[in-house]
1. Pairs LYS83/LYS159; LYS36/LYS83; LYS43/LYS118: which exceed 23 Å Cα-Cα?
2. Counting other C-beta atoms within 10 Å, which of LYS148, LYS36 has the fewest, and how do the rest follow?
3. May I ask for the Rg/Rh ratio of the range 33-129, computed from Cα atoms with Rh as the Kirkwood radius, given to two decimals?
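Nothing in this text is a laboratory measurement; each read-out follows from the coordinates by a stated rule. On a predicted model such as this, the values are computed, not experimentally measured, just so you know. Virtual Cβ from ideal backbone geometry, glycine too; neighbours counted across all protein chains shown.
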Amino acid sequence: MNSELEKVLLLTKENPVDFKRFSRDDQQINPELRIKSISNIIKNINLPHKSTIIDIGTGYGYGAVLLNTLGYNVIGIESNEEKLEQGMQYWTRLGIAFSEISCVSNAVNTKGELYFLKRDARNLDDFPGSSVDMATVFYISTYMIGKKSLFNEVGRVLKPEGNLTITTEGHINIPSFLRGPFVKLASKYFKPKGLKCASTFKIDNSEVYDKFVVTYKKEQADV
């Protein structure tokens, strides 16, 4: 495992924070479990180092931070200001450095930086077209399933052959997820690249819910 990734996992284990107590996020799981779950997923991401990734719905920033430890240039996007602020305070406390965005066009072209940005992912107007290598949506919410504008914007900002990786939470029914409008909508904008169950694992006899991973690749032609 990457040494920086190991460091983050150790830091979060030794410095737990009860986000449930500080937010209205009743479904938020323990940060240590969430981070181990996401690290289990991203270890299979195969992109050149210094690639630019946008982590949509980054929440408290777990996925964005872990991707950055692997050398990627990452912009964590979150519309909930309270959640984003709490996450940034947590990472600051752990000594994880991130930069302020003064210009999105510049941020997508930097190397190995970590940024957080308050933004609705359905409106990424300040992101240049074909400017990012990958978009991740860890634990997509039922609210976002079927949102045409999300796929429209992601498709616009992804480079040709760029990847969109989405994971579901345990409370989403997988068979319905596969048959439902979400997959049809995504397939309208993207070519399915991989569709597989993520490897689940147990922590303290509790199954961590990286239940499903679906990856799409943007076609060469613009969507």
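1. Values: LYS83/LYS159 29 Å; LYS36/LYS83 20 Å; LYS43/LYS118 26 Å.
From the list (LYS83/LYS159; LYS36/LYS83; LYS43/LYS118), the Cα-Cα distance tops 23 Å for LYS83/LYS159; LYS43/LYS118.
2. Lowest to highest Cβ neighbour count: LYS148, LYS36.
3. Numbers: Rg = 12.6 Å, Rh = 13.5 Å.
Checking Rg against Rh, the ratio lands at 0.93.
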